[in-house]
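Visitor: Below is the structure I would like to discuss, written out as structure tokens.
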Amino acid sequence: MLFETFTLLLDPVIILTVFIGVSAGLFVGAMPGLTATMALAVLLPFTFTLPPLHGLVALGAVYMGAIYGGSFAAILVNTPGTPSSIATAFEGYPMAKQGRALEAIGLATVSSAVGGLAGVFFLLILSPPLARLSLRFGPAEYFWVAILGLTLIASLSEGSVIKGMMGGALGILIGTMGVAPIGGETRFTFGLPVLQGGVAMIVALIGLFVIPELYTIAAKGKTALTAVNVDSRARSSLWQVTKKVFSMPGNLIRSCIIGEIIAIIPGAGGNIANLVAYNEAKRASKNPEKFGTGVEEGLVATESSNNVTVAGSMVPLLTLGIPGAPPDAVILGVMLLHGLRPGIELFTVNAHLTYGFILSMGFAAIAMVPVGLLGGRLIYKVIFRTPYYFLVPTIALATILGTYALRNSHTDVIIMLLLGTLGYIFKQFDVAPAPIVLGLILGSIAEMGYVQTVLGGQAYTYPFLRLFVNPLSHILIGMIVFSAAWPYLSTLIRRLKNRSRNNMEGRNE
Amino acid sequence: MNREINTDIAGGVIGLTLTAIFFFSLEDISRLSIMFPEAIITILGIISASLVIKGFVAPSRGQIFNVGSNTRWLVTALLFFLWVFFIPVIGFFVSAVVFMTTIVGYLAQSRIKVTLRRFLTWLPVIVAEVTFFYLIFTKILHVPLPRGFFF
Amino acid sequence: MKLVKRHIFVAVLAIIMFVPGITLAEFPDQPITYTIPFNPGGESDITARLQEPNLEKELGVAVNVTHKPGGGGAVAWSEFQRTAKPDGYNLIGCNIPHIIGQPLLRKDAGYKTDGFKVIMWFHFTPNALIVSKDSPFKTLDDFIAYAKKNPKAATVGGSGTYSANHLEALRLQKAAGVELTYIPHTGTGPLIPALMGGHLQALMSYSMVSVNYKDKFRTLAVASEERVPAMPDVPTFKELGYDIVGGAFRGVAAPIGTPQAIVDKLADAFTKVNKITALKQVDMGFVMTYATGDKAQELVEQMKVAYGDVLSDIKSKKK
């Protein structure tokens, strides 16, 4: 069955579709502000003119390329092209500063391809049990997932944890501007109807990451990129980066599993997966203090985990009709219009189509390697050769356009610029942008989880106690306690180890 | 120039200011809409206050605004804001060309001597760049970019 | 002086004679922007995407669908009423009851219900009360009986606050004399796993959900005048003794002041296109409406009355 479908995909038109889709996705992903969801929506009318399989293949390829393309901007200009590569910037950009840009791009490419393939594997093999797991997440669990996510602040705040917490709380507050998700009233609009739309997470993301970087480049009078040195050029060949990526199997497997688990939670996607995978890579590392200075493990973790979510989030989509991430909503729409209803029928009556679609995402993951390496080198050369006084307005142009296109809103551009300028000032006082963005991502999830749980418990005497009743909640609470206590635990363990080693050495003398 | 300050106290004061801004714009709306933001405002206030306290007990000091030329980023920021302000007035295309050229000219000063001839070589590059993005966004992505007096 | 007057006269005459003629003869001669005030992937977006190629064929110009989500549609609607030129090249998707509820309940939604020139309402997705297949509620009576015995214990999920779903749940409470707990979600998407996973007891959602998930869910009643073609076995609330008809109407509007001839031409094109999209949409649980001209305006008034009771209840409670 699978093999038969596989031969179906060897059609040159399909292969061409995959390559074009991946390239288009790459462009979209590399432009801050253009999201995978938007790219898919633009593509939608075209897919109606194609046969269903071709249409779905195109959508899958664009989706895959877009999530990967976000890493270019992250590595080369310290700006996540999509929210799925926030943590890529933490390691990729320092690498580029050290003249290891090509190496970083190579690592990101191979990790993304591995992640993409892993997602396809999970989708083919583990769909039914994973889909059932995704249903266990109710409002109380969402609340705890958000809190668990907020414990990442400790590792994202570059130094002062308390300043990170301040940034996180501020991010959550910015996220509450606009219409309340529950209750429906508008908050913090300061009397302006345009603020009913609130601050979109991506607008804040672009502002907080790009604008401070542009100001820094302008103030310094030069870009931070360093020429690729000979040593690093040798290490950036496809063979060398592949070897490097596979030299950390534990990291890869861990990141892929994290990516998959987050992918099946409806509403959470690559934007959270990359941060969690990064955090876990840091926690598992022997030298966590080196993270943030261009560590390969961190880059591999984020880029593999976010591409897992592409096929991974299709698990609940194809089996239950639940979009695991926002772009999946568009794919669901296309499927319904072609008369494909999610569920068991997809895997029996329409098996060729479904398996064809799934396998084509694997094709797309592989196609990313040649497209990405070529494209990556090209983008690197362009950015490196451009003098700084040209680079600043050019990035600003792309940023303004991307922000505008997100919701066709001029207000969003103003908000982006204001937040970015504030972000530059915050940075002076060691308040990092990452916790603020994390607060924005997780704040609305936490709010909805909390208020829905309390609402749903109206018939009980103490509605808020409903947060603590489900077994899955208990597991999540345990993880939160562990995650929050880890920094202290790890120092304690290290101290104990040192002491026993000292004791041993003492005895040997 | 030495611009070393106590970043804890400064950060905490910024935090408290923001807490106040959000607190005073809380409106009287239904409990469902307000209970979560209220809780977060309280948390932000507590964190900011404890940051100030930490600033007195165990301060961390750091240099601020010590990267390169402050005039240069301030002028760049100003030009960005003007650019964005003018987009709906003179249209996306014209404003992009005008302000990109201005920014290039301003920033290039620190590296090279800016002459009219240089401007004349920059202009076509900028126009080509803006046209490239303009066409992609309007023709392929169908984003209706703001128009101004001219087009 | 006389000469000037004459010039003005000629100029005015020319404008009266030619300008409408020109616009009529040539409309449309440039791309039309069709704004959807919601995120891509929703029902409004998918409908617009289905219409796009057919409209282009019908009108002979490009039709660009763009999104401007935010504030439950209010961001796009308020900007549209403030800035869109009434030339027929700016259109926006409109939804009832959104455009009725928001201006009434928000402090400043930034737009007015009557500030649109509605071209057409193309379809209606009635609300439906849906439970999981393994739920103990087999009929609407079972559900109402449970809710009567256990006030506030019956949790009903829906999309949004003061939305079509929410208002319908409130009307059901009033009509049946029960206390439900309505839990808002952001959009229809998150409702599906919430019901499947047993985190809610019922949904007040749209007929499409009933149709698309018919293997997993059971629909107790639908809030339409007559039974929905795609699900002939499902009774209406009316049949069961509750006078509840409601749901979301989707349509398209131009700015006030758009010449009637242009509006008519667009209405004509949308009507033709609606017949084509109907082929796909009827099976998905949509009820096509074809309300244009005065009928479109009447529909708004009619729904204002239908929701008047619950809306004024909410308003008085807020004060």
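Visitor: Can you tell which of A:L337, A:L346, A:L318 is within 14 Å of chain C (Cβ to nearest Cβ), in contact (Cβ under 8 Å) with a residue 12 or more places away in the chain and in contact with a Lys or Arg (Cβ under 7 Å, 6 or more places away or on another chain)?
Guide: Going through A:L337, A:L346, A:L318 in turn, just one is within 14 Å of chain C (Cβ to nearest Cβ), in contact (Cβ under 8 Å) with a residue 12 or more places away in the chain and in contact with a Lys or Arg (Cβ under 7 Å, 6 or more places away or on another chain): A:L337.
Visitor: Search segment A:290-309 for residues being over 19 Å from A:I105 (Cβ atoms) and surrounded by 24 or more Cβ atoms within 10 Å (Cβ to Cβ), and hand back the single one that is nearest to the chain's Cα centre (by Cα).
Guide: The selected residue is A:T309.
Visitor: Can I ask one more? Test of understanding: among B:G68, B:G91, which residue is surrounded by 17 or more Cβ atoms within 10 Å (Cβ to Cβ), within 7 Å of another protein chain (Cβ to nearest Cβ) and within 30 Å of B:V125 (Cα to Cα)?
Guide: Answer to the selection: B:G68.
Visitor: Looking at (1) more than 14 Å from chain C (Cβ to nearest Cβ); (2) among the hydrophobic types (A, V, I, L, M, F, W, C); (3) more than 19 Å from A:G116 (Cα to Cα); (4) surrounded by fewer than 21 Cβ atoms within 10 Å (Cβ to Cβ), which is the one condition that is false for A:L2?
Guide: Of the numbered conditions (1) more than 14 Å from chain C (Cβ to nearest Cβ); (2) among the hydrophobic types (A, V, I, L, M, F, W, C); (3) more than 19 Å from A:G116 (Cα to Cα); (4) surrounded by fewer than 21 Cβ atoms within 10 Å (Cβ to Cβ), the odd one out for A:L2 is (3).
Visitor: On to the next question. Please go through (1) under 22 Å from the mean Cα position of the chain (by Cα); (2) more than 7 Å from chain A (Cβ to nearest Cβ); (3) in contact (Cβ under 8 Å) with a residue 40 or more places away in the chain for B:L79 and return the number of the only condition it doesn't satisfy.
Guide: Here B:L79 meets the rest and fails (3).
Visitor: Also: Residues in segment C:110-135 that are without any contact (Cβ under 8 Å) to a residue 40 or more places away in the chain and either crowded, with 21+ Cβ neighbours inside 10 Å or in the same structural domain as C:H166 (by TED's automatic domain parsing) (or both): how many?
Guide: 3
Visitor: Look through A:I257, A:I272, A:I264, A:I253 and report the one residue that is buried (at least 24 other Cβ atoms within 10 Å of the Cβ) and either over 20 Å from A:V437 (Cα atoms) or small (G, A, S) (or both).
Guide: Answer to the check: A:I264.
Visitor: Test of understanding: among A:L332, A:L346, A:L373, A:L353, which residue is over 27 Å from C:T47 (Cα atoms), in a helix (DSSP H, G or I) and modelled with pLDDT of 80 or more?
Guide: The unique qualifying residue is A:L373.
Visitor: Looking at (1) of a type in the set (A, V, I, L, M); (2) buried (at least 19 other Cβ atoms within 10 Å of the Cβ); (3) under 24 Å from the mean Cα position of the chain (by Cα), which one does A:L467 not meet, given that it meets all the others?
Guide: In the conditions (1) of a type in the set (A, V, I, L, M); (2) buried (at least 19 other Cβ atoms within 10 Å of the Cβ); (3) under 24 Å from the mean Cα position of the chain (by Cα), A:L467 misses (3) alone.
Visitor: Please indicate, with yes or no, whether at least one residue in segment B:38-60 is within 9 Å of chain A (Cβ to nearest Cβ), crowded, with 18+ Cβ neighbours inside 10 Å and in contact with a strand residue (DSSP E or B) (Cβ under 7 Å, 6 or more places away or on another chain).
Guide: No: zero hits.
Each row is one residue, and each column tells you yes or no for (1) surrounded by fewer than 20 Cβ atoms within 10 Å (Cβ to Cβ); (2) under 30 Å from A:I182 (Cα atoms).
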site	(1), (2)
C:A175	yes, yes
C:T181	no, yes
C:L203	no, yes
C:V222	no, yes
C:G251	no, yes
C:L279	yes, no
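Visitor: Looking at this structure, is A:L440 aliphatic (A, V, I, L, M), surrounded by 23 or more Cβ atoms within 10 Å (Cβ to Cβ), in contact (Cβ under 8 Å) with a residue 60 or more places away in the chain and part of a helix (DSSP H, G or I)?
Guide: yes
Visitor: Does C:R82 fit the bill of being among the charged types (D, E, K, R), under 24 Å from A:A36 (Cβ atoms) and modelled with pLDDT of 85 or more?
Guide: no
Visitor: Okay, moving on. Can you tell which of A:F19, A:F27, A:F72, A:F46 is under 19 Å from B:I140 (Cβ atoms) and either among the basic types (K, R) or away from every other protein chain (no Cβ under 13 Å) (or both)?
Guide: A:F19
Visitor: Which ones in segment C:260-282 are over 24 Å from C:N90 (Cβ atoms) and in contact with a Pro (Cβ under 8 Å, 6 or more places away or on another chain)?
Guide: Once the filter is applied, which keeps residues that are over 24 Å from C:N90 (Cβ atoms) and in contact with a Pro (Cβ under 8 Å, 6 or more places away or on another chain), segment C:260-282 yields only C:V282.
Visitor: Now a separate question. How many residues are part of a helix (DSSP H, G or I) and facing chain B (nearest Cβ under 7 Å) if we restrict to segment A:405-428?
Guide: 7
Visitor: Given the conditions (1) touching a residue at least 24 places away in the same chain (Cβ under 8 Å); (2) at the interface with chain B (Cβ under 7 Å from one of its Cβ atoms); (3) in a helix (DSSP H, G or I), report the number of the one that A:V431 does not fulfil.
Guide: Among (1) touching a residue at least 24 places away in the same chain (Cβ under 8 Å); (2) at the interface with chain B (Cβ under 7 Å from one of its Cβ atoms); (3) in a helix (DSSP H, G or I), the lone unmet condition for A:V431 is (3).
Visitor: While we're on this one: Filtering segment C:174-187 down to residues that are in contact (Cβ under 8 Å) with a residue 40 or more places away in the chain and not aliphatic (A, V, I, L, M), which residue is farthest from the other protein chains (Cβ to nearest Cβ)?
Guide: Ranking the qualifying residues of segment C:174-187, first place goes to C:K174.
Visitor: Give segment A:451-460 a look and list any residue that's in contact (Cβ under 8 Å) with a residue 60 or more places away in the chain and surrounded by fewer than 23 Cβ atoms within 10 Å (Cβ to Cβ), or say none.
Guide: Answer for segment A:451-460, where residues must be in contact (Cβ under 8 Å) with a residue 60 or more places away in the chain and surrounded by fewer than 23 Cβ atoms within 10 Å (Cβ to Cβ): just A:L455.
Visitor: Determine whether segment A:461-470 contains at least one residue that is out of contact with any strand residue (DSSP E or B) (no Cβ under 7 Å at 6 or more places or on another chain) and facing chain B (nearest Cβ under 9 Å).
Guide: Checked against the condition, which is being out of contact with any strand residue (DSSP E or B) (no Cβ under 7 Å at 6 or more places or on another chain) and facing chain B (nearest Cβ under 9 Å), segment A:461-470 yields no hits at all.
Visitor: A further question on this structure: How many residues, within segment A:209-259, are more than 14 Å from chain B (Cβ to nearest Cβ), touching a Lys or Arg at 6+ places or on another chain (Cβ under 6 Å) and at pLDDT 85 or above?
Guide: Count: 0.
Visitor: If you take the residues in segment A:361-396 that are of a type in the set (S, T, Y) and in contact with a Leu (Cβ under 9 Å, 6 or more places away or on another chain), which one is surrounded by the most Cβ atoms within 10 Å (Cβ to Cβ)?
Guide: That would be A:Y389.
Visitor: In this structure, is C:A296 in contact with a Phe, Trp or Tyr (Cβ under 7 Å, 6 or more places away or on another chain) and within 25 Å of C:Y111 (Cα to Cα)?
Guide: yes
Visitor: With the requirement that a residue be facing chain A (nearest Cβ under 8 Å) and either over 24 Å from C:K315 (Cβ atoms) or touching a helix residue (DSSP H, G or I) at 6+ places or on another chain (Cβ under 8 Å) (or both), what does segment C:147-160 give you?
Guide: C:N150, C:A153, C:T155, C:G160
Visitor: Moving on to the next point. Going through C:K148, C:K152, C:K138, C:K214 one at a time, which residue ends up being farther than 27 Å from C:I36 by Cβ and in contact (Cβ under 8 Å) with a residue 60 or more places away in the chain?
Guide: Just a single option satisfies the conditions, and that option is C:K138.
The values are calculated or read from the model by the stated rules, or taken from the named source; none is laboratory data. This structure is a prediction, so every number in the text was calculated from the model and none was measured. Cβ sites come from the backbone with ideal geometry, for glycine too, and all protein chains shown count toward neighbours.
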